[in-house]
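Structure, as structure tokens:
The values are calculated or read from the model by the stated rules, or taken from the named source; none is laboratory data. Source: prediction; values computed, not measured. Please note: Cβ atoms are built from the backbone with ideal geometry, for glycine as well, and neighbour counts cover all protein chains shown.
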Amino acid sequence: MIKNRILSGVQPTGNLHLGNYLGAIKNFVKLQRDYECYFMLADLHSITVFQDPKQLRENIIETAAVFLACGLDPKKNVIFCQSSVTGHSELAWIFNCVARIGWLNRMTQFKEKAGSNKEKASVGLYSYPTLMAADILLYKATHVPVGEDQKQHLELCRDIAMKFNNDFNCKDFFTLPEPIITKEVARIMSLKDGTKKMSKSDEAEASRINLTDSADDIVQKIKKAKTDNDLIPDTEFKLVDRPEARNLINIFSILNGSTIEKTLKELSGKNFSELKNKLSDVLIKEIVPIGKKIKEFKKDTEAIKRILKIGSEKANIESQKTIKEVHKIIGLSLS
Ligand code: AMP
Ligand code: TRP
């Protein structure tokens, strides 16, 4: 019986930012101490929207370098590329036959990403959550650390696991995974619009802090970050209608290992330029060293490829156990 196994993934689509770091990767680093962990570059998910092949190769190396630079230990964890473990697409197909169209029709990420022209979206973008369910259930992961935006996909994963266990009369075969979503870090918002999440795909560079930004980039982006003309308030409640102000205070609090409440106690009555100076300082302290390490790791692409190869060998062995069991359960294996 597997106890406390984690699986999570990040799409190798470039521009990894503060939201990915605080919402996901920094958490992975903490969790690696207490869990058996599988950390995956979700390259099959990334091709649900067109990726330039050369760019994709570079982004895979870059994202692996980010994992390592942030402190994920390849000796302790299984770090691998989704596409190099065939079980992911195999199980995803089977789950396409378990999940219902009505379930997928409710997915808000598809609606957002497909936009107004759904007819032109790829079939992969639509069935994206069944592949994600396969990623998780293939390893019978018990916990999945993600940002808030992935919560609905995790619920769908649990629905698939339940329906499979039920349809094939194999109670408890698939573990129902629990999300690990830390409230404060779950949604880091854009620096330009506090109602939108910080995103890789936002055309405005100044909307996000990239993990490879220089100290100067950080200072400039924080200086230009949207705020309002009011002073810093004394209670969190007064931030309800001030999303940009709330976001900056939240980021500052997280990086200081503090809470919004404590930060407000310290800074209430001051104006935002003061907070921005302090915020730039803590960001530089946390992000710039990571950026330097990313550059260092990227210099040795062969070492990164070796790490991914070792990871995919381990992941293949583990995942094939589930594939074999599934084939048996559903009647595909004749022996
Ligand atoms: P993605 O870049 O979409 O592959 O996301 C990788 C991880 O980062 C997932 O766990 C996301 O939920 C998380 N994430 C992405 N953007 C944000 C954000 N703005 N705030 C918090 N977490 C995020
Ligand atoms: N869909 C996730 C995202 O965009 C990435 C991902 C793919 C993932 N497979 C996963 C996350 C499995 C957690 C578990 O953020």
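Scanning the stretch 133-152 for residues that are buried (at least 23 other Cβ atoms within 10 Å of the Cβ) and within 17 Å of Ile101 (Cβ to Cβ) yields one hit, Ala133. Among the criteria (1) modelled with pLDDT of 95 or more; (2) in a helix (DSSP H, G or I), the one Gly269 does not fulfil is (2).
If I ask for residues that are in a helix (DSSP H, G or I) and out of contact with any Leu (no Cβ under 8 Å at 6 or more places or on another chain), which ones from the stretch 245-258 would you list? If the condition is that a residue be in a helix (DSSP H, G or I) and out of contact with any Leu (no Cβ under 8 Å at 6 or more places or on another chain), then Asn250, Ser253 are the ones that fit.
Does any residue of the stretch 224-234 turn out to be in a helix (DSSP H, G or I) and either exposed (fewer than 14 other Cβ atoms within 10 Å of the Cβ) or within 29 Å of the chain's Cα centre (by Cα) (or both)? The answer is yes; a qualifying residue exists. Counting only helices (runs of 4 or more DSSP H) that sit completely within the stretch 86-188, those holding 3 or more residues that are in contact (Cβ under 8 Å) with a residue 24 or more places away in the chain correspond to 87-96, 108-114, 123-137, 151-167. Here the condition is being in the same structural domain as Phe164 (by TED's automatic domain parsing) and either part of a helix (DSSP H, G or I) or not hydroxyl-bearing (Ser, Thr, Tyr) (or both); of Lys324, Lys278, it holds for Lys324 alone.
Residue by residue, here is whether (1) touching a Pro at 6+ places or on another chain (Cβ under 6 Å); (2) within 15 Å of ligand 1 (Cβ to nearest atom); (3) among the small types (Gly, Ala, Ser); (4) not assigned by TED's automatic domain parsing to the domain that holds Gly14 holds:
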{"position": "Lys140", "(1), (2), (3), (4)": "no, no, no, no"}
{"position": "Asn166", "(1), (2), (3), (4)": "no, no, no, no"}
{"position": "Asn169", "(1), (2), (3), (4)": "no, no, no, no"}
{"position": "Ala186", "(1), (2), (3), (4)": "no, yes, yes, yes"}
{"position": "Gly194", "(1), (2), (3), (4)": "yes, yes, yes, yes"}
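Within the stretch 2-22, can one find any residue that is basic (Lys, Arg) and at pLDDT below 95? Within the stretch 2-22, one or more residues are basic (Lys, Arg) and at pLDDT below 95. Selection of first residues in the stretch 10-34 that are in contact (Cβ under 8 Å) with a residue 24 or more places away in the chain and of second residues that are acidic (Asp, Glu) and more than 7 Å from ligand 1 (Cβ to nearest atom), restricted to Cβ pairs under 6 Å at least 6 apart or on distinct chains, gives the following pairs, ordered by first then second residue: Pro12/Asp43.
Are any of the residues in the stretch 244-266 within 20 Å of Arg208 (Cβ to Cβ), β-branched (Val, Ile, Thr) and without any contact (Cβ under 8 Å) to a residue 60 or more places away in the chain? Yes, the stretch 244-266 contains a residue that is within 20 Å of Arg208 (Cβ to Cβ), β-branched (Val, Ile, Thr) and without any contact (Cβ under 8 Å) to a residue 60 or more places away in the chain. Within the stretch 2-17, at least one residue is under 17 Å from Gly147 (Cα atoms), outside the structural domain of Ile254 (by TED's automatic domain parsing) and more than 12 Å from ligand 2 (Cβ to nearest atom). The single condition among (1) in a helix (DSSP H, G or I); (2) more than 17 Å from the chain's Cα centre (by Cα) that Asn20 does not satisfy is (2).
Scanning the stretch 186-232 for residues that are of a type in the set (Gly, Ala, Ser) and either more than 16 Å from ligand 2 (Cβ to nearest atom) or closer than 13 Å to Glu244 by Cβ (or both) returns Ser190, Gly194, Ala204, Ala206, Ser207, Ser214, Ala215, Ala225. Any residue at all in the stretch 30-51 that's part of a helix (DSSP H, G or I) and more than 16 Å from ligand 1 (Cβ to nearest atom)? No, the stretch 30-51 has no match at all.
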